[in-house]
Amino acid sequence: MPDKTNRGHFFEDFQTGQTLRHAVPRTLTEGDNALYIGLTGDRSPLHCDAEFARQLGLPRETINDLLVFHTVFGKSVPDISLNAVANLGYADVRFLQPVYPGDTLRAESRVIGMRETTAGNAGVVWVHTSGFNQREQPVLTFYRWVLVNKATPDHPTGHTDAPLTPEEVAPADLRPPMGLNARAFDRTATGGRYFFEDYQPGERILHGEGMTVEEADHMTATRLYQNNARVHFDAHAMSKDARFGGRLVYGGHVISIARSLSFNGLENGLGMLAWNGGTHANPTHAGDTLYAWTDVLDTAALSDRLGALRLRLVTIKNLNPMDEEIPLRLRDERSGREAYHGNIVLDLDYWLLIPKRAA
Amino acid sequence: MPDKTNRGHFFEDFQTGQTLRHAVPRTLTEGDNALYIGLTGDRSPLHCDAEFARQLGLPRETINDLLVFHTVFGKSVPDISLNAVANLGYADVRFLQPVYPGDTLRAESRVIGMRETTAGNAGVVWVHTSGFNQREQPVLTFYRWVLVNKATPDHPTGHTDAPLTPEEVAPADLRPPMGLNARAFDRTATGGRYFFEDYQPGERILHGEGMTVEEADHMTATRLYQNNARVHFDAHAMSKDARFGGRLVYGGHVISIARSLSFNGLENGLGMLAWNGGTHANPTHAGDTLYAWTDVLDTAALSDRLGALRLRLVTIKNLNPMDEEIPLRLRDERSGREAYHGNIVLDLDYWLLIPKRAA
Amino acid sequence: MPDKTNRGHFFEDFQTGQTLRHAVPRTLTEGDNALYIGLTGDRSPLHCDAEFARQLGLPRETINDLLVFHTVFGKSVPDISLNAVANLGYADVRFLQPVYPGDTLRAESRVIGMRETTAGNAGVVWVHTSGFNQREQPVLTFYRWVLVNKATPDHPTGHTDAPLTPEEVAPADLRPPMGLNARAFDRTATGGRYFFEDYQPGERILHGEGMTVEEADHMTATRLYQNNARVHFDAHAMSKDARFGGRLVYGGHVISIARSLSFNGLENGLGMLAWNGGTHANPTHAGDTLYAWTDVLDTAALSDRLGALRLRLVTIKNLNPMDEEIPLRLRDERSGREAYHGNIVLDLDYWLLIPKRAA
């Protein structure tokens, strides 16, 4: 009788070049959109205002781009990261198609590299993950690398292949939703006063509001994405493990909260086009209050009506950047090495679609 | 580079006569209805039973009237009450049209009066707020007045204009949903034994059940309404401010819980037609258990099949009115002044639509 | 003026043979499905993947069978178990029709037996409950018996009628969804490697994952089912009653969590066909972490493509069966009597539909 429990894959179970088709496609509905708003407070009109979306030439409101991300990511967890020690990074995350209520997403990942750690008890696995809708159109692709435990720590595998991942998504590769008619953009719907031309590299936007995370909130969000990684759900196991200090908030929920807070100051944004990279700098636990700021890194005109802002979305726990300036990194006195400030939980570099100011 | 953070309006930013069009219209869907039930336990069949609604001549189940209220109210928060010290009152709240899943609501407010406080550091702003559906039909209108901080407390503004707001909504102004065929009312759907004729002024109905509020519950509800007032979400800031004792539960969530509890004893009610007025008498915090009773204040026949009950819905925290009679107001021994009992959190005066007993 | 509060029925209010039509039919929507996933983490593709359902010949994804159960059960609470001291058991639970988003369920119960307790202060009421869709097709039927308080404990009622309830649902009575074309079953959607033939009586499947229950989670779930039993919601009352140790988690939420955990190892399951019986062995409270295992009791071929597994789904709080073997029952040293292990919270005997391995 085979053991039927899926215990997830260990480092030795992966093979460079293999493709894993992830289980359980997911139909996203109006219900998911509503619950996503309830869990994050998101106010982007493209996702909650059908009339705004229609005015822009789309059939109706779209599924929040982060809900799409979390759904595709969640599908990959049982195959990729059930035994992950850490999510090390993302690169070249591309949002390729709007997803509408009623669309069904499936996901697959290709293993593109593996490297055993020096200690030999774990290894880094690089994957390229893709999400497709029911018409087999890609809606999202991204690189991700995770630190995965080895099943037999004492047995060297010889894997040393660390692939290069793209440093950024070039503006030429940014794809606004097909058929989007920015000419019909109505700023009374967003309440936003600032357009593409109003943001300058070097500028910092403080988002003002804070949001405290509850256990029920982050678990409900993570269950909605059908992400079943144990660290988010099992207080009994997590309380025994001093490394964690209790259940960890899914890093994606932190991104969602931060993106939602960042509506204040980026009201005219029309959605994420791509992430250049992202780091979960420190863990978030229930009880933490999250604040966010955005640094404008770059701008890129996409058409006569649309532009993209390259933004650094920084999230801090339990310190309000409206009250004090918080350094992103601190130098350790003893080692002399720089590391993220202990309250920084997210450092995300992404491209935001935004209309140009109408002439 | 202008500061792009919306810090909300201060007293000096308002002007009597101005109209503020609030941002981010909201499409309400089946998903919102489901989550509303999950957060409040509401059992009104008009909102959860499509067959019941069709039998009454409506196209399908409607969005809960309080979900409509909270949505319109939530839209007004960033413009009106982000810096509000207190929500002082409501008057002449009118529910004018049923809202159906798929309808999109937008909101606007007209400033109708302003009065600086004697202390001079804040002022009361009176607004008349309207919610419209995507056909520009008004679905809800109400008066509301809030105490708002001044940006420059030492600089007098001279505002002394305190408008009169209506004391009540006259029965002639109550508007049952167009096309509602009360002849087809089926009391097996509601389980209710009592009709318009069975309720008498002076009668008190104890609603029996109690509901404890959790942080995750009220925050999810308030996020669903896209109401971003800091006092509900930011435990870090609220814990520093001894006035509050932690995050405050959005008063509208208290109304929703109380209305839901009041199903027991008012089963045949077909929805709120209007509020004459309402007061959030004391704050509610997570951990509080809410109970409710209803006093019948008046009755008004509307047609040969429909009537309205004028009801006072009282909500109490941490004392069960089934166990003891709780006075609404207490006289302070020292000052001799009357004030709400410290456990009363809501005192709402509203008109409930209810069918007459079939002959 | 009659007292309008529904205080629920006491033992004396029931009469063998009577039928109670329960109030407030409920339209289940995409919103309920989404929230159900958010509260349980369910991953069964039949309920979340419209394309999978269509491939199998169904019109679209179906409402989770347990969401159907909880909805029908919740309807019966105000009439049957508002004054229940304990839910003693279920038998012959049959899932008869798929329920689709947009269907409206109503429920009724027939009283089939009553027996006063020896102590005389309460009595057991047996009911047969049925749920119907808007076409009056039965979707679910079950037997249930509850211990209900007497209104006048000192007044004997003479009820001694304890009906026999079926010990099991015979395989011949199991009804897979009409029109289900198992030939088109796609195991890449489920991720499951094991089919009907791969499971053997005597086999144990450990489900690996654990889920901690929060107050907000179980209350939101129970409100979604419009189940208003006080023990789940009223912390103020429950904290005064030493028997309970705080709010009790609705036993149905425990079943949902356990069923959701059991996806791991039973991925190809296509839904519950019937329960033979079930016991809530011990209470669950917020803060408890739930784990589950499944014992395979029996198998039954249903057609050339479909089979049923008779499974015992056992749920344990705060002990992980992956770490240690947990005996279902323990012998009390002093009394010599056997009782459930104090950490076992659920012992459910059910039939799961599962495809046969394609030749």
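Every number in this text was worked out from the coordinates using simple rules, so none of it is lab data. Computed from a predicted structure; not experimentally measured. Positions of Cβ are generated from backbone atoms using ideal geometry, with glycine treated the same way; all protein chains shown enter the neighbour counts.
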Checklist entry - Going by a ≥ b ≥ c, the root eigenvalues of the Cα gyration tensor, does the range A:85-218 fall in the rounded group (a/c under 1.5), the prolate group (a/b larger than b/c) or the oblate group? => result prolate
Next on the checklist: Out of the GluC sites (Glu not before Pro) in the range C:192-275, which ones are loop residues according to DSSP with at most 14 other C-beta atoms within 10 Å?
Outcome noted: none
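Contact order normalised by length for the range C:183-359, with contacts defined as Cα pairs under 8 Å and 6 or more residues apart; what percent is it? Walk me through the numbers on the way to the answer.
On the way: 358 pairs, mean separation 54.6, N = 177.
It comes to 31 percent, rounded to a whole number.
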Checklist entry - Straight-line reach from C:Lys4: which lysines have Cα under 29 Å away, leaving out those fewer than 8 places along the same chain? => result B:Lys317, B:Lys356, C:Lys75, C:Lys150, C:Lys240
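Under the definition of partner shielding as Cβ atoms of other protein chains within 10 Å of a residue Cβ, what is the mean value for peptide B:45-52? It would help to have the intermediate numbers written out before the result.
Details: counts 6, 0, 1, 9, 9, 8, 8, 5.
Taking the mean over all residues of the peptide, I get 6.
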Item to check | Candidates per GluC sites (Glu not before Pro) in the range B:268-359, loop by DSSP, up to 11 other Cβ within 10 Å | outcome: B:Glu324, B:Glu325, B:Glu333
Next on the checklist: Can you compute the modelled spin-label distance between B:Asp154 and B:Met322, with each label point 7 Å from Cα toward Cβ, in nm?
Outcome noted: 5.8
Next on the checklist: Just want the answer: with Cβ charges of +1 for Lys and Arg and -1 for Asp and Glu, which residue in C:Leu328, C:His253, C:Asn264 is farthest toward the dipole's positive end in the range C:183-359?
Outcome noted: C:His253
Next on the checklist: How shielded is C:92-103 by partner chains, expressed as the average number of their Cβ atoms within 10 Å of its Cβ atoms?
Outcome noted: 1
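What dipole magnitude, in Debye to the nearest 20, does the range C:183-359 give about its Cα centre under +1 on Lys/Arg Cβ and -1 on Asp/Glu Cβ?
On the way: 20 positive and 23 negative charges, 87 e Å.
That gives the range C:183-359 a dipole magnitude of about 420 debye.
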Item to check | For chain A, built as a Gaussian network whose Cα springs stay under 10 Å, the top-fluctuating residue of A:Leu180, A:Leu66, A:Leu313 | outcome: A:Leu180
Checklist entry - Which loop-located GluC sites (Glu not before Pro) does the range C:91-177 contain, where loop means any DSSP state but H, G, I, E or B and the Cβ has at most 12 other Cβ atoms within 10 Å? => result C:Glu136, C:Glu167
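Checking a compactness column here: for the range A:12-152, what do you get for Rg(Cα) / (2.2 N^0.38 Å), N being the number of residues?
Values: Rg = 17.1 Å, N = 141, 2.2 N^0.38 = 14.4 Å.
For the range A:12-152, the normalised Cα radius of gyration comes out at 1.18.
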Checklist entry - With a Cα-only, solvent-free Debye model of the range B:284-345, what are the log10 I(q)/I(0) values at q = 0.22, 0.26 Å⁻¹? => result -0.92, -1.06
Item to check | Global geometry of chain B, whether rounded, prolate or oblate, following the gyration tensor of its Cα atoms and the 1.5 cut on a/c | outcome: prolate
Checklist outcome for this item: Taking r as the C-beta separation of C:Arg193 and A:Arg175 and R0 as 30 Å, the FRET efficiency to the nearest 0.05 is 0.20
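I'd like the mean, over residues of C:287-300, of how many other protein chain beta carbons sit within 10 Å of each residue's own Cβ.
On the way: counts 3, 2, 8, 3, 3, 0, 1, 1, 0, 2, 0, 0, 0, 0.
That works out to 2 on average.
Can you compute the charge dipole magnitude of the range A:194-290 about its Cα centre, using +1 on each Lys and Arg Cβ and -1 on each Asp and Glu Cβ, nothing else charged? Give it in debye, rounded to the nearest 20.
Working: 7 positive and 11 negative charges, 105 e Å.
I would put it at about 500 debye.
When you have a sec, figure out the Kirkwood radius of the range C:183-359 from all distinct Cα pair distances and drop it here in Å to one decimal? Intermediate values should be presented prior to the final figure.
On the way: mean 1/r = 0.0569 Å⁻¹.
17.6 Å is the Kirkwood radius here.
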Checklist entry - For chain C, with the dipole built from +1 on Lys and Arg beta-carbon atoms and -1 on Asp and Glu ones, taken about the Cα centre, which of C:Ala170, C:His47, C:Thr141 lies farthest toward the positive end? => result C:Thr141
Next on the checklist: Using only Cα atoms and rounding to the nearest 10 degrees, what angle (0 to 90) does helix C:65-80 make with the longest principal axis of chain C?
Outcome noted: 10
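Which value, in debye to the nearest 20, gives the size of the charge dipole of the protein assembly as shown about its Cα centre, when Lys and Arg are +1 and Asp and Glu are -1 at the Cβ? List each step's numbers first, then the result.
Numbers: 108 positive and 132 negative charges, 247 e Å.
Once rounded to the nearest 20, the dipole reads 1180 debye.
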Checklist entry - Of the residues C:Thr16, C:Thr165, C:Thr188, which exhibits the maximal mean-square fluctuation in a Gaussian network model of chain C defined by a 10 Å Cα contact cut-off? => result C:Thr188
Item to check | Surface/4 of the Cα convex hull for the protein assembly as shown, nm² | outcome: 46.2
